[in-house]
Amino acid sequence: MDNRHPAAPPSSHGSGGYEKSDLSAKAIGIFGAALAAVVVLTLLVAAWMLGFFASWQAQRDTPPSPLATTRAGVPEPRLQVDPIKDLRSLRAAEDEILMSYGWVDRDTGTVRIPIERAMQLLVERGLPRPAASERAPAARTRGGAP
């Protein structure tokens, strides 16, 4: 009795291995080289077209107006680029004013003194009393009778 399976095709090869008649390494290499050449050619054509159309569009464009190059300043209020830096510089300027001597108005002789010195003088001298002309008049009662 024959031990071969009836559905198995007859084997003409005497030795085992792989099917050598379907694909060859040479055909796969040629296909890969052709595919690489088509990809490179496509990229070159696309780059050329991009350059061509960019120069074509540049020739068709009208030059910008001379007024387009002069820009007006950004109107107020402007956005803060660095709010932390802005706050620090504001506080430093305020501290400079509050903690130093300086003229407010030389013509009238008005000066500013450091806030610590002003508080010390206020404690020593007390609050100034308003003049009689500056005092508020007494409140009147309703009905016209004093």
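Here, each number is a calculation from the coordinates, and none is a lab measurement. Everything numeric in this text was worked out from a predicted model, so none of it was measured. Glycine gets a Cβ as well: all are built from the backbone with ideal geometry, and neighbour counts include every protein chain shown.
Here are some notes:
- A Förster radius of 22 Å combined with the Cβ-Cβ distance from V104 to Q80 puts the calculated FRET efficiency at roughly 0.15.
- Net charge of Cβ neighbours under 12 Å - reference I97; Lys, Arg +1; Asp, Glu -1: -1
- Taking 0.36 nm per residue of separation and subtracting the current Cα-Cα distance, fully stretching the chain between F53 and A27 would add 5.5 nm.
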